[in-house]
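A.B. asks: Here it is: the structure, laid out below.
Nothing in this text is a laboratory measurement; each read-out follows from the coordinates by a stated rule. Remember, predicted model here, so these are calculated numbers, not experimental data. Ideal geometry is used to build each Cβ from the backbone, glycine not excepted, and the neighbour counts take in all protein chains shown.
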Amino acid sequence: MIKSVLFLTTCAILFLSCKATKSAEKKEEKPKEIVERKSTKAANVSILEKEFVIENLNDIPHKVWVYVPPDYDSSKENYSVIYMHDAQNLFDVKTSFIGEWEVDETLNKLHKETRKSFIVVGIENGGEKRIEEYTPWKHEKYGGGKGEIYVNFLAKTLKPYIDKNYRTKPDSGNTGIIGSSLGGLISYYAGLEYPETFGKVGALSTSFWFSDKVNAFSKEKGDLKNTKIYFLVGEKEGQEMVEGTKKNTSYFIRS
């Protein structure tokens with residue numbers, strides 16, 4: 001009995017000691033200094049002065065980032081164009097969510113080593129409206145379903161603007177669209193819905209799980225002959241992601 005009392009008393013003393021120590025430490029803690037992240041975007045990345053409010057989508061002004069090759073100003077060449085989503089994450093750690101993709105650094109290195117060059121057009125997502133923008137169909141839990149409006153904007157409004165203001169190769173064979181997760185889903189949808197506009201598609205870690213309707217859509221569009229699709233998914237990304245990619249890839253395998 002005495003041992004039990006001593007044990008409980010010791011625990012109580014330790015608990016109170018820890019609590020007191022933590023309180024003392026808490027009082028001595030200095031306010032944490034907020035360190036502002038520095039911009040890492042390359043000099044050949046700019047943000048258009050013109051912002052786009054997409055009619056019938058939402059009232060959010062969408063900023064558009066544009067990467068041009070390092071020698072763009074000194075050359076007279078026309079370039080293939082890649083359209084990408086989530087522009088906040090593509091070029092600059094300062095605006096990124098959990099780290100930038102380093103698209104500009106990667107392409108600058110590619111240009112230096114191989115002389116291959118592209119223009120990249122990145123469209124910022126609408127923040128809390130991102131799911132609506134990047135999903136062509138509604139989800140019972142997550143909502144969404146305004147992706148067709150967003151893709152129509154890319155094909156009918158933004159691409160003509162870019163072709164007018166930059167030296168591009170405007171045909172579908174020289175126009176790609178790439179995204180990851182829901183960005184992969186909307187890229188996949190854009191390429192299949194607008195094959196005359198986007199001839200190359202990068203569907204990375206694509207959220208095929210978002211809607212069962214994607215399977216019927218893929219089956220319907222599986223006879224596309226000139227569209228090139230690059231699928232990529234990691235084996236550890238979950239069964240839904242892997243199986244969804246395998247299933248939709250199967251519609252485009254030619255015997």
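A.B. asks: Which of Val233, Val201, Val93 comes first, and how do the rest follow, when ranked by fewest Cβ neighbours within 10 Å?
C.D. replies: Starting with the residue having the fewest Cβ neighbours, the order is Val93, Val233, Val201.
A.B. asks: Choose one of Tyr72, Gly127, Ile60: the residue whose Cα lies farthest towards the positive end of the charge dipole of the chain (beta-carbon charges +1 Lys, Arg; -1 Asp, Glu; about the Cα centre).
C.D. replies: Ranked along the dipole, the leading option is Gly127.
A.B. asks: May I pose another question? Of Lys129/Lys225; Lys213/Lys246; Lys76/Lys225; Lys138/Lys169, which pairs sit farther than 23 Å apart, going by alpha carbon to alpha carbon?
C.D. replies: In this structure, Lys129/Lys225; Lys76/Lys225; Lys138/Lys169 lie more than 23 Å apart at Cα.
A.B. asks: From the square roots a ≥ b ≥ c of the eigenvalues of the alpha-carbon gyration tensor of the chain, which class results: rounded (a/c under 1.5), prolate (a/b over b/c), or oblate?
C.D. replies: Taking the square roots of the gyration eigenvalues as a ≥ b ≥ c, the chain is prolate.
A.B. asks: Run the helix sum for the chain: -39,500 (n - 2.57) per DSSP H stretch of 4+ residues, divided by residue count, reported at 222 nm to the nearest 500 deg cm²/dmol.
C.D. replies: Calculated at 222 nm, the ellipticity per residue is -11000 deg cm²/dmol.
A.B. asks: Which order do Ser180, Ser207 fall in if you start with the one that has the fewest other Cβ atoms within 10 Å?
C.D. replies: By the 10 Å Cβ count, ascending, the order reads Ser180, Ser207.
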